[in-house]
Structure formats: C-alpha cells, structure tokens
Amino acid sequence: MFDLLIYMFENYLSSKNNLDFANMTLELEAAGFNNKDIETALDWFSELKEMSTKIPESHSLKLNDKLRIFTEKEKEKISFDSLGFILFLEQAKILNSIEREIIIDRAMALNQNIINIEEVRWIVMMTLWTNDKENDYLFVEDALYQNQQSILH
C-alpha cells in the first residue's frame, strides 16, 4: 500500500487542487491499484489531514521541549534510523512535537511490519506538505533523494 500512498501524493495530493475523489479512484483502478487499497489509502490521507488541522499554531513552539520515549511497538515497527531521523528533524526545529506524533501515528497506521527510513521520509514530506510547510518539505525532499546516507550525530 505504501507505493499507492506515494503515487497518490505525487500525482494528486501534492498539487493542493480541489480533488475529485471519484475520478481519482477510477484513474487509480485503471492504473492497476485495487479498490480496497485505494480506500485504505484515502482513509490514511484523510486521517493525516484531520490530525494536521488540529495543530494549534500558538502552542507549536512550546511543545518542542517535551521528551518523547518510544513504545516497544514503535521501536519494533519503525526502524532505528527512522526514529533518529524524526528526532533530528525535531531538534532542527523542522518538526514540532505534534507533527512528530502525527508522523509516528501515520507510520504505525501502515499495514506492514517494518517502516524503513525511506518510508518515514515520505511520511514526513506528506505531513509537512499537508501543514503548508513547503520550505521544510523541500529540505526533506533533498534528504529523500540524496544519494549518500546522512550521518546524524
């Protein structure tokens, strides 16, 4: 399903135009995606959008100082590199703590056993784009398409 999320984001959702979900579904089915996966992906994006609209602007900077301890399930599902990348973005003030929680929630909502760094980078990009943080999105996009692995200290 993750391939479908990326496809939908690149071809439909990143344009921020008013979307015709009926036509989008027909086009996705014609592209070879099954209806159940399309419905699940639309729900995933709807939840992302709903969570993002609840971010209180006035509190976002104050929330960055909160300590986050990952649960065992999160550590089992989200790769170590991915968790480090999320924390790096938060320390660099690209993410606030609410956005961090949205990213973790959306990663945990995926129906797969392991979420790798590339998948987390995509989730971060989708979250930042949804939150109208295009400049920060471009930073993550550069990291996503970077040929060499970044070393975080």
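The values are calculated or read from the model by the stated rules, or taken from the named source; none is laboratory data. This structure is a prediction, so every number in the text was calculated from the model and none was measured. When we count neighbours, we look across all protein chains shown, and the Cβ atoms used for this are built from the backbone with ideal geometry, even at glycine.
Restricting to segment 94-116, name every residue that is farther than 16 Å from Glu50 by Cα, modelled with pLDDT under 95 and within 12 Å of the chain's Cα centre (by Cα). The answer is Leu95, and nothing else.
Quick check on my filter: what residues within segment 1-20 are within 20 Å of the chain's Cα centre (by Cα) and not aliphatic (A, V, I, L, M)? Hits for segment 1-20 are Phe2, Asp3, Tyr7, Phe9, Glu10, Asn11, Tyr12, Ser14, Ser15, Lys16, Asn17. When each of Glu47, Glu72, Glu29 is tested for being surrounded by 11 or more Cβ atoms within 10 Å (Cβ to Cβ), of a type in the set (Asp, Glu), modelled with pLDDT of 85 or more and within 16 Å of Ile104 (Cα to Cα), the lone residue that passes is Glu47. Across segment 118-135, the qualifying residues are those that are part of a helix (DSSP H, G or I) and within 17 Å of Ser97 (Cβ to Cβ), and the one among them that is nearest to the chain's Cα centre (by Cα) is Ile123. Taking Ile86 as the residue in question, decide whether it is more than 23 Å from Lys54 (Cβ to Cβ), of a type in the set (A, V, I, L, M) and in contact with a Lys or Arg (Cβ under 7 Å, 6 or more places away or on another chain). So Ile86 fails the test.
Across segment 95-119, the qualifying residues are those that are surrounded by fewer than 18 Cβ atoms within 10 Å (Cβ to Cβ) and of a type in the set (A, V, I, L, M), and the one among them that is farthest from Leu83 (Cα to Cα) is Ala109.
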